[in-house]
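Step one of this worksheet: look at the structure below.
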Amino acid sequence: MSPQFEIQLIAVIVAVACSLPGVFLVLRKMSMMSDSITHTILLGIVLGFFLTHDLSSPFLIAGAALIGLATVWLTEILNRTKLLSEDASIGIVFPLLFSIAIILITKYAGSVHLDTDSVLLGELAFAPFNRMVVFGYDIGAKAIYSAMALLVVNLAFIITFFKELKVVTFDPVLSAVLGFTPALIHYGLMALVSLTTVGAFEAVGSVLVVAFMIGPPTTAYLLTDNLKRMLFLSALIGAVNGISGFYLAVLFDVSIAGSMAVMTGLIFLIVFVTAPNRGLLSSLRRRSRQKLEFSKKTLLFHLYNHEGSENEAQEAGIHTLGVHFHWDTAFTDKIVRYLLKEKYIMLDKDIIKLTEQGRSISNAEYNALFSD
Amino acid sequence: METIFYLLKDYTFQTVALGSAILGLLSGVLGSFAVLRKQSLLGDGVSHAALPGVVMAFVMTGSKNTEVLLLGALISGLMATLFIISIVKHSRIKFDSALALVMSVFFGLGLVLLTYVQKIPNSNQAGLKRFIFGQASTLLQRDVYFMAICGVILLALTLLFWKEFKLYIFDSEYAKSLGFPAHKLNLLLSFMIVMVIIIGLQTVGVILMSAMLIAPSVAARQWTNKLWIMVVLSALFGAISGIFGTMASSLTAKLPTGPAIVVIISCIVIISVLFAPGRGIVQKIAHRNNLKQLLKSEGGDRNVPTI
């Protein structure tokens, strides 16, 4: 396998593995928890290092995952006091743990190569140098296997507990009533997030884990209302982000992980603008159409109300209409033109009158709105 | 005692402590608004999003002047904020997801630009990253002046729009119905918060800035229910932790300033949450125990089930 192919493979696996738990973070409005965990695992690594004095020890990973869970737990404790809001609890816990980590590093590990940069930033380009050798055979980069393990664990958890996760995510109270213990599922999910973050930061660096975890699910959230479809779409979008990011990086010879994050942003932007039903364009179009429909109805009701009244000339005059509705001239003209074209109104010496058709439509709509 | 006395007369210490105190004060004031609007993590997001701006400013001007880099940071921080606000406004995506997404994408863009700059021959880009990750000990007197000027402007704006902000953060719907331009107020407030964050980047760095924004106001919130007292207390807590953090870091070998400030302000938060009168946990527990005793004595031997 060529290094290029290996890098892409790692990127795709990591992206898919990250996006799966990310879906639940986004749906449960806990996206920033991933950011929090990516910072605090530094403390876990530092503490693990002090215990083992070995930078390649698996205890570092274990320590990091444990601190990730501890972060969630501490945040919950603060949150449960009801003295501060959830986002504030996150914002208190992780800077504190991160500061302690930095202080420990500068005070006691200054001479060791425990670079905060390498933890926070990460570089995918170096992943193929670290080989997995079994019985003397080189069977590919180590990161492929660790990422694969991560993906399998995530998939297994989500498939096994899909029903529980679904209930806990959308209706925690119902799930408690049904006896699902939301807390258990919650911590299971958080353990998964913590593990995924730790597993992924080696490859892509911790800040960009957030992009991988939150980007694809947020994009998919704009495209579907179905949880299963959202999981599939997130995985797909994650994979696309990974591969296209790699080629962007090769093209400009820049940071691979960085360009993957940039692609995540670009693809989100495209979907955000063009998504059917929920995209910016279609929502703007819908809003302007609704505004038009509403205004047409309002005008018809208005005319119906003042039909034959003594100040009809005032209320329904083509020149005074805008003042009554706080509409500007252009908008008034537009509405009147539309209604004329639909033959709901007619002009009688600068006074707008309902046609027979307009009267019946206005009446019908009034009944539809206000009768039971 | 003597060391502290000498320290207080030390010029570098004075500069750094003053800078940290100003930052603590400003972030205390504006952080209160961010925390009350439940947007306290904006600090974290914007400070990460400043990276591409810093690198772009360096690429375009070639200078590593503080003001130039800060301007770049400010622009990209504001852009990120605008993105977040419009994503939330125009779709069903929640604030936290939008924040996490925009922040990580901007940071990724910053990394891309940084690696791109590194390839340009003869470009002395070293130090850009340190700028983002902050180093209070490198604060110069002119940086402090700069902070002070920005601070005066921000405080003046806060006073000027006090009534509007107050109305907006507590009841934005009501503000809208009274005819206040809610969207513009939201933008103005966000811009002011971004300003503070960018000023703070240099002192405590990207990651710790969010603590500076949140912690003082959360601590202050426990002691009072009045906005103006909360803001004043929060400014006070911020300034105190700035000064004491700098002091601790000067007196102890190899203790970085930013993290020291954060640890001190976090301690203030913990003390406030535990001991604040009326809201504090200790008083709540004592109150509950009293109530239990009372119910027990009135209800005979029966064990009163906890509610």
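The table that follows gives values for the structure above.
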item: Unmet criterion (only one of (1) open to solvent by 10 Å² or more (accessible area, probe 1.4 Å); (2) part of a helix (DSSP H, G or I); (3) of a type outside the set (Asp, Glu)) for residue A:179; result: (2)
item: Which numbered condition residue B:179 fails, given (1) within 14 Å of chain A (Cβ to nearest Cβ); (2) buried (at least 24 other Cβ atoms within 10 Å of the Cβ); result: (2)
item: The lone exception for residue A:201 - which of (1) outside the structural domain of residue A:37 (by TED's automatic domain parsing); (2) crowded, with 17+ Cβ neighbours inside 10 Å; (3) under 28 Å from residue A:169 (Cβ atoms) it fails; result: (1)
item: Residues of the stretch A:282-310 satisfying the condition of being more than 35 Å from the chain's Cα centre (by Cα) and either within 13 Å of chain B (Cβ to nearest Cβ) or assigned to a loop (DSSP other than H, G, I, E, B) (or both); result: A:307, A:308, A:309, A:310
item: Unmet requirement for residue A:10, which otherwise passes all of (1) in contact (Cβ under 8 Å) with a residue 60 or more places away in the chain; (2) open to solvent by 10 Å² or more (accessible area, probe 1.4 Å); (3) farther than 22 Å from residue B:99 by Cα; result: (2)
item: Residues that are more than 8 Å from every other protein chain (Cβ to nearest Cβ) and in a helix (DSSP H, G or I), drawn from the stretch A:250-281; result: A:250, A:251, A:256, A:263, A:266, A:267, A:269, A:270, A:271, A:273, A:274, A:281
item: Out of A:218, A:224, sole residue that is under 25 Å from residue B:91 (Cβ atoms), open to solvent by less than 30 Å² (accessible area, probe 1.4 Å) and free of Cβ contacts under 8 Å to residues at least 40 places away in the same chain; result: A:224
item: First in the stretch A:15-40 and among the charged types (D, E, K, R), second anywhere and buried (at least 24 other Cβ atoms within 10 Å of the Cβ), Cβ under 7 Å, 6 or more apart; result: A:29/B:96; A:35/A:210; A:35/B:44; A:35/B:100
item: Per-region count, the stretch A:238-249, residues within 12 Å of chain B (Cβ to nearest Cβ) and open to solvent by 10 Å² or more (accessible area, probe 1.4 Å); result: 1
item: Which listed residue, of B:91, B:104, B:97, is open to solvent by less than 30 Å² (accessible area, probe 1.4 Å), more than 20 Å from residue A:209 (Cβ to Cβ) and facing another protein chain (nearest Cβ under 7 Å); result: B:91
item: Odd one out for residue A:23 among (1) at pLDDT 90 or above; (2) within 12 Å of residue A:200 (Cβ to Cβ); result: (2)
item: Top-ranked residue in the stretch B:214-238 [being open to solvent by 20 Å² or more (accessible area, probe 1.4 Å) and part of a helix (DSSP H, G or I); ranked as nearest to the other protein chains (Cβ to nearest Cβ)]; result: B:221
item: Complete set of residues in the stretch A:145-176 that are surrounded by 14 or more Cβ atoms within 10 Å (Cβ to Cβ) and more than 22 Å from residue A:63 (Cα to Cα); result: A:155, A:158, A:161, A:164, A:165, A:166, A:167, A:168, A:169, A:172, A:175, A:176
item: When residues of the stretch A:59-104 are limited to those that are at the interface with another protein chain (Cβ under 7 Å from one of its Cβ atoms) and among the small types (Gly, Ala, Ser), the one surrounded by the fewest Cβ atoms within 10 Å (Cβ to Cβ); result: A:85
item: Breaking point among (1) at pLDDT below 80; (2) under 25 Å from residue B:231 (Cβ atoms), for residue B:175; result: (1)
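The values are calculated or read from the model by the stated rules, or taken from the named source; none is laboratory data. Computed from a predicted model, the values in this text were never measured in an experiment. Positions of Cβ are generated from backbone atoms using ideal geometry, with glycine treated the same way; all protein chains shown enter the neighbour counts. Note: accessible area is taken over every heavy atom of the protein model, side chains too, but ligands, DNA and RNA are not part of it. Shrake-Rupley method; radii C 1.70, N 1.55, O 1.52, S 1.80 Å.
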